Each structure stands twice: as C-alpha cells, then as structure tokens.
1. Give me the net charge of Val66's neighbourhood, meaning all other residues with Cβ under 14 Å from the Cβ of Val66; Lys, Arg count +1, Asp, Glu -1.
2. Report, in debye and to the nearest 20, how large the dipole of the stretch 8-150 comes out about its Cα centre when Lys and Arg carry +1 and Asp and Glu carry -1 on their Cβ.
3. With each pseudo-label sitting 7 Å past Cα toward Cβ, what's the Ser112-Leu88 distance in nm, one decimal?
4. Sticking with the crude label model, points 7 Å out along Cα→Cβ, report the distance from Glu51 to Val141 in nm, one decimal please.
5. Under the rule that a partner needs its Cβ under 4.7 Å from the first Cβ, which Cys of the chain have none?
6. For Leu21, enumerate residues with amide H under 5 Å from its amide H, sequence gap 5+ or separate chain, H modeled in the peptide plane.
7. Under 20 °C and 1.002 mPa s, how fast does the chain diffuse according to Stokes-Einstein, given a Kirkwood radius computed over C-alpha pairs? Answer in µm²/s, whole number.
8. Please build a GNM for the chain, connecting alpha carbons under 10 Å apart, and tell me which residue among Val99, Val67, Val49 fluctuates the most.
Amino acid sequence: MVYMNPTVDCPLCDQIGGHLLWQDDRCRVVRVDEPGYSAYCRVIWHTHVAEMTDLNPLDQTHCLRVVLTVESVLRALIKPDKINLASLGNFTPHLHWHVVARFQGDPHFPQSVWGPALRPSLPFALPLQSLSPEAFHQTFVRLWSRVNLS
Ligand SMILES: [Zn+2]
C-alpha cells in the first residue's frame, strides 16, 4: 500500500502512523504507542484530505463504519469503561479518527487524553496492561475477521 503524497509535508502521508492492524484500499487502522493507553487506535484515511465532508457520501459512510467497528472490537476485546472518539487534525490536517479505550484508572480519566495527566501511568493497574502488544494485535485481528464491512 502506498501512502506517499509528494505534494504535501504530512506525517500520515509519509508513514503508516502506528502498528498496522487492518487496511483496505481506502483507509487503515493502527494502534498507537501512547504511555498508559495500550488500546489507543486511529483510523487513517489513505488520501490527504482534511475533513469528513471532503469525502464523497459512500466514503464518509465507509470511514464511519470502520471507526464504529474499531469501537466494537475494542469493547469486545477489553471491555473499557468508555470509548472516546475524536477527529481533530488541528496539527495534522489529514483525516484520521482517534478511537481510544478508556478506563477509570487511566492517566487522564475522566478528562480527555490530551489534557494534563491526573495520575501516573501504572503498567499493570488496568486489565489491558497485562495484554502484550502481540496478544492485543492477534486478538484484534481475530475479532476483526468476523466483521463484514462490504
Ligand atoms: Zn497527509
């Protein structure tokens, strides 16, 4: 899969943007290394567009279905206290959604993950923390394979 867009200086055009979990011809799902958040995922549109309304209606629907599918898989996988969905792109105006599994003991709960930390990140304080990145990846892919996005 080629993400490169030589006409813009954009990290999401130049790089996958995390650990690849799934992709099709329109977008990809990655897990991001974020301290305290082992299930921090992003849905990244392959082409360099800034807003959901830059997509045609079919692509808008596809993008949102992928976002909601990531949410469903994370809920089944680790049973978080809350899922946070966000599409910001103020620093990187390349369409991407944050899909973050939240726990009451995570570093920022109940604030957003971008605010000041309220407590330290404890490596084994949360159920997910005992799940290795490899086990997370394998289980995510297994659950994802049951999904029909067509
Ligand atoms: Zn881009």
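Only the coordinates and a few stated rules stand behind these numbers; no lab work does. Here the structure is a predicted model, which means the values were calculated and not measured. Note that we place each Cβ from the backbone using ideal geometry, even for glycine, and neighbour counts take in every protein chain shown.
1. Around Val66, the surrounding residues sum to 0.
2. 580
3. Label at Ser112, label at Leu88, 0.5 nm between them.
4. Calculated label separation equals 3.8 nm.
5. Cys with no partner Cβ under 4.7 Å: Cys27, Cys41, Cys63.
6. Residues meeting the amide H criterion: Val29, Val30, Arg31.
7. The calculation lands on 134 µm²/s.
8. Result: Val49 has the largest fluctuation of those listed.
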